[in-house]
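**Q** Got a structure for you, questions after.
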Amino acid sequence: MLNIKNKVMAKETIFETVHENVAGIDIGAEQIFVSPDGKEVRTFETFTSSYHACALYLKEKGIKKVAMEATGIYWIALYFLLEGLNMEVCLVNPKETKQIKGRKTDVKDCQWIQKLFSAGILRYSFIPEGKYMELRQLVRERLDIIDMGSTYVNKMQKCLELMNIKLKEVLSQIHGKSGIRMIKAILAGIRDGASLLSLCAEQIQKYKGEQVLKALEGNYNETYLFMLQQNMELWEIHQERVTAIDVRISQLLDELSMGKEEVAVGKKKPIRHHKPQIIGLHDTMARLYGVDLSSISGINDYTALRLIGETGTDMSRFPNVKSFVNWAGLAPKSHRSGKMNKNVRGTPCNPTGQIFKECAQGLMNSKYIAIGSFMRKLRGRKDSSIAIKAGARKLAMAYYNALTKGIAYVEQGIKQYEEQIKRKELASLKRLAKKHNMQLV
């Protein structure tokens, strides 16, 4: 018998070098791991002084470019510190740097990132510059506070339900102007239904007056009224914080739009939910973008405000519209092997794609908008989620084309699509008429 001894062999993955003098960094809460060549690894703490020591180490090694994963918010401080030292930094989606399961360590991660970056495989994530980054964080913070405030709206609904006051079944939202007025009056001790109804908007009094009066008949329990009061006060605190953020956003927009040329604007669209209290938002958005985006279906000034922090106004980093749609996570996925073409679930959208999906969902039942008609037809053959994503893709394309080719190009494209739908409908009618020996008049 032959005795075969197991030998541990060091296996090393070798890629073609596209970028020279590059490093890979794996970032954690307490330590960062830096590899300047895919072999050597150096660790640093996450204090600011340690980050400066890391930057000095990279310069000593002759590093000109650095790649790092977008780990939570830990990357932000190091990213801008290195960028401020004129070093090119590539922020990467962690999904693009995953290794084989069971072989993950922080040391191996930074080495792997360095190898992938040197081979030119990794893609740059978009990071807004200067004030645009601050704008992004403020808009996201505003959305978070609104979400946290909705918790107290649910608790107010619960308190009303415990007293069998059915306002949430009658009003579209109890935290609208009419609902808040009535709740405050109830907390002030008013119990007369007619007096409470008089605080509502005229439309509610006219069309839902009797229902509101019935909904207000309940058991006004002191304990549940106390709970309602607590949740109302907490909700109002969140609304005050949102207003304070709007003031800061307004200041940033004034700084960013300073010196920008005026742009011809059309009629602004109404903002139905969570409208920012910012004076002149419509004109400011048009100046920052260079075009009036509100002419695109489903996009209003609040949508434009959310998008400007996520995408910026410069589309030159995307070679074409397909690249932008794919970056947003709205491109259809394919899985073809031989003659088999399988349906696969697409990757989740990034925040930009999610905004376009929200806009598309609002157009699903629109009667006079081409994208709405397109989504309804697709929903009949596919699933609603697929139809919404396809509609969001069309909105993303219109957004990209508006920033690169002008709004007239987008309007022309929508008009052509409407004419295309009309031709298809007429052709379908002609086929039916021929089938049943009838003539169109």
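**Q** Normalising by the residue count of the chain, find the relative contact order in percent from Cα pairs under 8 Å and 6+ residues apart.
**A** 10
**Q** Quantify, in whole percent, the carbon and sulfur part of the accessible surface of the chain (1.4 Å probe; protein heavy atoms only). Can you show the working numbers first?
**A** Values: 13880 of 27020 Å².
Reported share for carbon and sulfur atoms: 51 percent.
**Q** Under 11 Å from a point placed 7 Å out from the Cα of Phe126 along the Cα-to-Cβ direction: which residues of region 67-96 have their backbone N that close?
**A** none
**Q** Okay, moving on. For the chain, take the convex hull of the Cα atoms, compute a quarter of its surface area, and give me that in nm², please.
**A** On the way: hull surface 147.4 nm².
Result: a mean projected hull area of 36.9 nm².
**Q** Express in Å², to the nearest 10, the accessible area of Leu234 obtained by rolling a 1.4 Å probe over the protein heavy atoms while all chains stay in place.
**A** Near enough 70 Å² of accessible area.
**Q** Compute the length gained on full extension between Ser50 and Ala77: take 0.36 nm times their separation in residues and subtract their Cα-Cα distance, giving the result in nm to one decimal.
**A** Numbers: separation 27, 0.36 × 27 = 9.72 nm, distance 1.17 nm.
Here the segment from Ser50 to Ala77 would lengthen by 8.6 nm.
**Q** Please find the FRET efficiency linking Met258 to Lys214, where r is the Cβ-Cβ separation and R0 is fixed at 51 Å, and quote it to the nearest 0.05. Don't skip to the end; give the middle numbers.
**A** Working: r = 55 Å, r/R0 = 1.08.
With R0 = 51 Å, the Cβ-Cβ based efficiency is 0.40.
**Q** Based on the mean of other Cβ atoms within 10 Å per residue, sort peptides 17-24, 298-305 so the most packed one is first. Display every interim value, and only then the final one.
**A** Working: 17-24: 18.2, 298-305: 22.1.
Per-residue mean Cβ counts within 10 Å order the peptides as 298-305, 17-24.
**Q** Using mean Cβ contacts within 10 Å as the protection proxy, how do 425-435, 111-121, 150-160, 376-386 order, highest first?
**A** On the way: 425-435: 10.9, 111-121: 21.1, 150-160: 17.7, 376-386: 13.3.
Going by the mean number of other Cβ atoms within 10 Å, highest first, we get 111-121, 150-160, 376-386, 425-435.
**Q** Between Met133 and Ala427, 0.36 nm times their residue separation minus their Cα-Cα distance comes to what? Kindly include the intermediate steps, with their values, before the conclusion.
**A** Working: separation 294, 0.36 × 294 = 105.84 nm, distance 5.07 nm.
This chain segment gains 100.8 nm when fully extended.
**Q** Given the rule -39500 (n - 2.57) for each run of at least 4 DSSP H residues, summed and divided by the residues of the chain, what is its mean residue ellipticity at 222 nm, to the nearest 500 deg cm²/dmol?
**A** -18000 deg cm²/dmol
**Q** List residues of region 384-404, by number, whose backbone nitrogen lies under 19 Å from a label position 7 Å along Cα→C-beta of Asn365.
**A** Counting only backbone N, you get 384-389, 391-392.
**Q** Pick from Leu135, Leu78, Leu56 the residue whose mean-square fluctuation is largest in a GNM of the chain, springs joining Cα atoms under 10 Å.
**A** Of Leu135, Leu78, Leu56, the most mobile in the Gaussian network model is Leu56.
**Q** Give me the compactness ratio for region 161-248, meaning the Cα radius of gyration over 2.2 N^0.38 Å. Before the final figure, lay out each step's value.
**A** Working: Rg = 13.9 Å, N = 88, 2.2 N^0.38 = 12.1 Å.
This ratio for region 161-248 stands at 1.15.
**Q** Going 7 Å from the Cα of Gln31 along its beta-carbon direction, which residues of region 104-121 have the amide nitrogen within less than 13 Å of the resulting point?
**A** From region 104-121, the list is 105-110.
**Q** Just to be sure I understand the model, the point goes 7 Å from the Cα along the line to the Cβ. What's the resulting Met340 to Lys435 distance in nm?
**A** In this crude label model, Met340 to Lys435 measures out at 3.6 nm.
**Q** Please compare each pair in Lys166/Lys389; Lys95/Lys275; Lys39/Lys64 to a cut-off of 24 Å on the Cα-Cα distance and tell me which ones are over it. Present the calculation step by step, with values, prior to reporting the outcome.
**A** Values: Lys166/Lys389 36 Å; Lys95/Lys275 35 Å; Lys39/Lys64 17 Å.
Checking Cα-Cα distances, Lys166/Lys389; Lys95/Lys275 exceed 24 Å.
**Q** Continuing with this model, one more query. Please work out the FRET efficiency for the pair Ala119 and Arg317, using the Cβ-Cβ distance as r and a Förster radius of 30 Å; give the result to the nearest 0.05.
**A** It comes out at approximately 0.90.
**Q** Please give the length that would be gained between Arg248 and Glu236 if that part of the chain were fully extended, namely 0.36 nm times their separation in residues minus their C-alpha to C-alpha distance (nm, one decimal). Walk me through the numbers on the way to the answer.
**A** On the way: separation 12, 0.36 × 12 = 4.32 nm, distance 1.89 nm.
Result for the pair: 2.4 nm of gain on full extension.
**Q** Put Trp235, Trp327 in order of accessible area, largest first, 1.4 Å probe: what do you get? List each step's numbers first, then the result.
**A** Working: Trp235 30, Trp327 70 Å².
In descending accessible area the options line up as Trp327, Trp235.
**Q** What accessible area per residue, rounded to a whole number of Å², is obtained for the chain using a probe radius of 1.4 Å?
**A** 61
The values are calculated or read from the model by the stated rules, or taken from the named source; none is laboratory data. Fair warning: this is a prediction, and the values are worked out from it, not measured in the lab. Using ideal geometry, Cβ is built from the backbone for each residue, glycine included, and neighbour counts are taken over all protein chains shown. Accessible surface is based on the protein model in full, side chains and every heavy atom, while ligands, DNA and RNA are left aside. Shrake-Rupley method; radii C 1.70, N 1.55, O 1.52, S 1.80 Å.
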